[in-house]
Each structure stands twice: as structure tokens, then as C-alpha cells.
Amino acid sequence: MKVEEKLALDAFKTDKESHITINQEICRAKCKEKNCIVVCPGHLYSYNEENNEMVVEFAGCLECGTCKIACPEGAITWVYPKGDFGVQYRYG
Ligand code: SF4
């Protein structure tokens, strides 16, 4: 079974509020690398060129915390989703 197939089995209970906050000013002004786009295993980050801002689809977060560590400028604030929300792993 491929990783993508395993991940597709996971279930998500999504809060209305995101548990991930991006400081757009820091992201725009200081971060050239945009590591979050590359490192997120769920491919949840994208840069909206039109609005000049980083976007994260927090509902699909796998709660690995990688984006928080990978941001060289500390633009990402990441906490676990509130109790009862977030990912429910179904395969390991
Ligand atoms: Fe992606 Fe992991 Fe960050 Fe969630 S915690 S947005 S899965 S890198």
C-alpha cells in the first residue's frame, strides 16, 4: 500500500478556527525560501501570487509540526487542534 493510499484512509474533524497562523508580513518581507510549501507532507501550503500571501489548507493537517520547524523566519505559529478536532489516523 502506498503512503498516499494510507493517508487517504485518515479522517479529519475540522474546527472552524485554524490551528495554524501565518504572519503574512514576515512571510512576504523576510522569507525567500518558502520551505513550508516543500516540506508539508500533505501539500497544504501554496502561495497566492494575486493576493501576495501564503495560504494553508489547515483542514488536512497531519499534525506533524514540520512547517513550524521548517520556517526560517518563524512566520508560522502552530499548535495542536483543540480537543476532539484534527486528524484521526486509520493506518498505523
Ligand atoms: Fe503540513 Fe505537517 Fe504543517 Fe500540518 S503540521 S501543515 S501536515 S507540515
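Each value in this text was obtained by applying a stated rule to the coordinates, not by laboratory testing. Predicted model only: the values in this text are computed from it and were never measured. Note: ideal-geometry Cβ built from the backbone for every residue, glycine included; neighbour counts use all protein chains shown.
Computed extension gain for Gln24 through Leu62, at 0.36 nm per residue and net of the alpha carbon distance, reaches 11.5 nm. Alpha-carbon geometry of the chain: the Rg and the Dmax are 13.7, 42 Å, given in that order. Each of Tyr80, Tyr47 was scored by other Cβ atoms within 10 Å of its Cβ. Listed from fewest to most, they are Tyr80, Tyr47.
Farthest toward the positive end of the dipole of region 1-71, out of Asn35, Leu7, Ser46, is the Cα of Asn35, where the dipole comes from beta carbon charges about the Cα centre. Across region 53-68, computed HN-Hα scalar couplings (Karplus, 6.51 cos²θ - 1.76 cosθ + 1.60, θ = phi - 60°) run 8, 7, 10, 10, 8, 5, 4, x, 5, 8, 6, 7, x, 4, 4, 4 Hz from first to last residue, x flagging Gly and Pro. Once the chain from Glu73 to His43 is taken as fully extended at 0.36 nm per residue, the excess over their C-alpha distance is 8.8 nm. Under the criterion of Cα pairs below 8 Å and six or more residues apart, the relative contact order for the chain equals 45 percent. Residue order for Leu9, Leu62, fewest other beta carbons within 10 angstrom first, comes to Leu9, Leu62. Of the residues Ile37, Ile22, the one with the fewest other Cβ atoms within 10 Å heads the list, and the complete ranking is Ile37, Ile22.
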